[in-house]
Amino acid sequence: MYLGVSSSLEHSTPREWAAKHKSLGLQAVNFPVDFTAGEDKYMAYKEAADEAGLMIAEVGVWRNTLAADPQERARWTDYAVGQLRMADRIGARCCVNVVGTPYGPRWDGGYRSNFSRELWTMAVRMIQQIIDTAQPVNTRFSIESMPWMIPCSPDEYLRLLEDVNRPQFGVHLDVVNMITSPERYFFNERFIDECFAKLDGQICSCHLKDIRLKEEYTFQLEECACGEGSLDMRRYIEAATAQDERMPMIIEHLGSDSEYEASVRYVKDLYL
């Protein structure tokens, strides 16, 4: 495992950014700037990561490339192409987005039509278009697994890989995002094993966090910091590391640098 955090941590220069991650004993980073910052700036961050021996795990897109408005969709698809080209230039493991949706006000929200044949076809064509336009060599484009849009299971991800049919399309695995039922929650170690068995060799990067059951009706789950939930985190880390000793595992969705530092300490105490 190459541990990292999604936060860019408070910094003023690329070298300070890299040094702060290195001082926490991290080996992987998420890239803190996008391609619109210009080549000089993003290459300065790449060089700082290289000098510190940090793997650039992920370049994020986080835009709705399936927006209902055609102009917005074209704008964000072009942005995704730009991000993927930058990711390839800096040698990132993956450039990642979620599928997105044209069916409601929240671009990453849950809607019944997210599971329609129409959405599936649009998603496949969108992924193909981004990869075919950017033509990456050193990195892969990936779609993060999600609770209420595709792909929300390892089988669905396998089907998506097959339908996209591009060698530069890979898996971004967030196990917690796919824990959406009592079976997956209470027997999450089995679900972890299933994910890694089925997606073996395709996973570019993983998100690392925890999940807990709320004590109220109906069945409600909430994401939480590492160690505050019921995820078999050791099994998750061991499965990822068995597949790739350099697998990036990125702690995410915390509110401050101090919270990230606490989660890093927890994971290192648990596993390293």
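Could I get the Rg over Rh figure for region 130-251? Both from C-alpha atoms, Rh via Kirkwood, rounded to two places.
Rg/Rh: 0.99.
In terms of the Cα gyration tensor, with a ≥ b ≥ c the square roots of its eigenvalues, is region 8-98 rounded because a/c is under 1.5, prolate because a/b exceeds b/c, or oblate?
Prolate is the answer for region 8-98, as a/c is 1.5 or above and a/b outweighs b/c.
Kindly give Rg over Rh for the chain, based on alpha-carbon atoms, with the Kirkwood expression for the hydrodynamic radius.
Taking Rg over the Kirkwood Rh, I get 0.95.
What relative contact order, as a whole-number percentage, does region 118-272 give when Cα pairs under 8 Å and 6 or more residues apart are counted?
18
What FRET efficiency comes out for Ala68 versus Phe219 if R0 is 41 angstrom and r is the Cβ-Cβ distance? Round to the nearest 0.05.
Approximately 0.85, to the nearest 0.05.
Taking the Cβ-Cβ separation of Asp132 and Ala19 as r and a Förster radius of 22 Å, what is the calculated FRET efficiency to the nearest 0.05?
0.05
Which of rounded, prolate, oblate describes region 27-183, given a ≥ b ≥ c as roots of the alpha-carbon gyration tensor eigenvalues and a/c under 1.5 marking rounded, otherwise prolate only if a/b is larger than b/c?
Prolate, since a/c reaches 1.5 and a/b exceeds b/c.
What list of ³J(HN,Hα) values in whole Hz, one per residue of region 257-271 in order, does the Karplus curve 6.51 cos²θ - 1.76 cosθ + 1.60 (θ = phi - 60°) give from phi, with Gly and Pro shown as x?
Rounded to whole hertz, the list is 4, 5, 5, 5, 4, 5, 5, 4, 4, 4, 5, 5, 5, 6, 10.
Per 0.36 nm of contour for each residue apart, how much would the distance between Arg125 and Trp148 grow if the chain were fully extended, relative to their Cα-Cα spacing?
Length gained between Arg125 and Trp148: 6.3 nm.
Per residue, what accessible area does the chain have, given a 1.4 Å probe and all protein chains present, in Å²?
Per residue, the chain has an accessible area of 46 Å².
Between Arg246 and Glu47, what length in nm is gained on full extension when 0.36 nm per residue of separation is reduced by their alpha carbon distance?
Contour length minus Cα-Cα distance gives 69.7 nm.
At what distance in nm do the modelled label points of Asp78 and Arg212 sit from each other, each positioned 7 Å from its Cα along Cα→Cβ?
That separation, rounded to one decimal, is 4.6 nm.
When DSSP assigns beta bridges and you keep just the ones with both residues in the chain, what percent turn out antiparallel, to the nearest 5?
15
Asp269 to Ser113: extension gain in nm, 0.36 nm per residue of separation minus the Cα-Cα distance?
My answer for the length gained is 51.9 nm.
Number of Lys pairs in the chain with C-alpha atoms less than 24 angstrom apart, excluding same-chain neighbours closer than eight positions?
10
Which of these, Pro248, Pro151, Pro102, has the largest mean-square fluctuation under a Gaussian network model of the chain (Cα springs below 10 Å)?
The residue with the greatest mean-square fluctuation here is Pro102.
Compute the distribution of all C-alpha to C-alpha distances in region 128-172, in bins of 10 Å from 0, and list the percent of pairs in each, rounded to whole numbers.
Values per bin, smallest distances first: 28, 54, 18, 0.
With a point put 7 Å past each Cα toward its Cβ, work out how far Glu156 is from Ala197 in nm, to one decimal.
About 2.1 nm separates the two model spin labels.
Please give the charge dipole size of region 59-110, origin at the Cα centre, charges +1 on K and R Cβ atoms and -1 on D and E Cβ atoms. Round to the nearest 20 debye.
Computed about the Cα centre, the dipole is about 140 debye.
Once neighbouring chains are kept in place and the probe is 1.4 Å, which whole percent of the accessible area of region 28-133 is contributed by carbon and sulfur?
Result for region 28-133: 45 percent of the exposed heavy-atom area is carbon or sulfur.
Under 8 Å for C-alpha pairs, at least 6 residues apart: give me the relative contact order for region 100-205, rounded to a whole percent.
25
Between Phe187 and Asp163, what is the label-to-label distance in nm when each label sits 7 Å out along the Cα-to-Cβ direction?
2.8
Nearest 20 debye, what's the magnitude of the dipole of region 10-52 about its Cα centre given +1 on Lys and Arg Cβ and -1 on Asp and Glu Cβ?
160
Tell me the relative contact order for the chain as a rounded percent, counting alpha carbon contacts under 8 Å between residues six or more apart.
Computed over the chain, the figure is 18 percent.
The values are calculated or read from the model by the stated rules, or taken from the named source; none is laboratory data. Everything quoted here is computed from the prediction, not taken from an experiment. Cβ: placed from backbone, ideal geometry, glycine included. Neighbour counts: every protein chain shown. In case anyone asks, the SASA skips ligands and DNA or RNA and just uses the protein heavy atoms, side chains included. Shrake-Rupley method; radii C 1.70, N 1.55, O 1.52, S 1.80 Å.
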